[in-house]
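Some notes on the structure that comes next.
The values are calculated or read from the model by the stated rules, or taken from the named source; none is laboratory data. Treat the numbers as computed from the prediction; the structure is a model and nothing was measured. Every residue, glycine among them, receives a Cβ derived from its backbone with ideal geometry; neighbour counts consider all protein chains shown. For accessibility, only protein heavy atoms count, side chains too; no ligands or nucleic acids. Shrake-Rupley method; radii C 1.70, N 1.55, O 1.52, S 1.80 Å.
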Amino acid sequence: MQYSVCIDDTDMPGTPGTGWLLDRICHTIESDGMGTCSPISRHQLFVHEKIPFTSHNSAMCVEITLSPGHTRSELIEFMAATLEKKSEPGADPGLCVTGPLSPEARQALIRFGRAAKVQIASKDQAYDLARELDIHLSEHGGTGGGVIGAIAGTGLQMSGNDGRYRGWYHLGNPGDPVRVEDLRAYPFIDNVVTKTGEPLPPDTLVRIGSEKTKTVRLGFNRVVVATKVEDEKTQDISYRLITKKEAKAY
């Protein structure tokens, strides 16, 4: 059985981030044979002076497939105990765990996530939705405000078209041309797409940027995004990988 898991607000300034903690959790799950974990995705939420957050107000999500003999209750118990033990003092950690949902429930969760990117949400709203959809939502320290980001991040991850994956990749020297089919050969790249999500043909040449590359979540895939080069001198090279700043749009 596969579960969507999202945590938020486990860190404090100057400490390892929530993504780091979720990575450690996934390592333990896999090394102990409890299950397998997908790549971790980061989902940006609304930044506002009335919303307490450590650095960027983002939630971290992963999909976990449990091994035979392991249960949802066991997963939740393990996640909760780890958050209570490993979250930083002063943090407000929250946890959301969902299994298969109806199309209507998925859409309700996605709507909540998208709204949380542009407006302030409350704990009451988060818990009301969790009860309505019968999904697990719990707080594990501090004010517990992380439950808002945890359920919102779950919705955004479930939409399939939001978030950046954890980690940066060096794909070549700045300015080097590389074919889309060669980029797709990397195990961490499902496709190369335009900013509007359209896949580029395999023989398309793409210019490597001056920064490391981050994959983003589009169409439920792990992709790198390229944009047209507005330079007539490039001739056969008409695309470049987006910059770190441009990747923040995801």
I'm checking a number: the convex hull volume of the Cα atoms of the chain, normalised per residue, in Å³. What is it?
137
Helix 146-159 sits off the longest principal axis of the Cα atoms of the chain, rounded to the nearest 10 on a 0 to 90 degree scale, by 40
Under 17 Å Cα to Cα from K123, which lysines show up? Leave out anything in the same chain fewer than 8 places away.
K50
Just subtract the alpha-carbon distance of R131 and E246 from 0.36 nm times their residue separation and send over the number in nm, one decimal.
37.7 nm
Would you please give the FRET efficiency between E230 and A108, computed as 1/(1 + (r/R0)^6) with r the Cβ-Cβ distance and R0 = 35 Å, to the nearest 0.05?
0.25
Under a 1.4 Å probe, what is the accessible area of the chain per residue, stated in Å²?
50
Which value, in Å to one decimal place, does the Kirkwood hydrodynamic radius take for region 37-183 when every pair of different Cα atoms is included?
16.6
Express in nm, to one decimal, how much length is gained between T143 and T196 on full extension, taking 0.36 nm for each residue of separation and deducting their alpha carbon distance.
15.2 nm
Distance in nm between I120 and S73 label points, each 7 Å along Cα→Cβ, equals 4.0
Can you tell me the mean projection area, over all orientations, of the convex hull of region 1-109's alpha carbons? Units nm², please.
7.5
Per the helix-only calculation at 222 nm, which mean residue ellipticity applies to the chain, given -39500 (n - 2.57) for every DSSP H run of n ≥ 4 and division by its residues, nearest 500 deg cm²/dmol?
-9000 deg cm²/dmol
What list of ³J(HN,Hα) couplings, whole Hz, do you get for region 91-107 from phi and the Karplus terms 6.51, -1.76, 1.60, once you set θ to phi - 60° and write x for glycine and proline?
7, 10, x, x, 9, 10, 10, 10, x, x, 10, 5, x, 5, 5, 4, 5
Carbon and sulfur: what percent of the chain's accessible surface (1.4 Å probe)?
49
Nearest-0.05 FRET efficiency for W20 and N173, computed from C-beta distance (R0 30 Å)
0.55
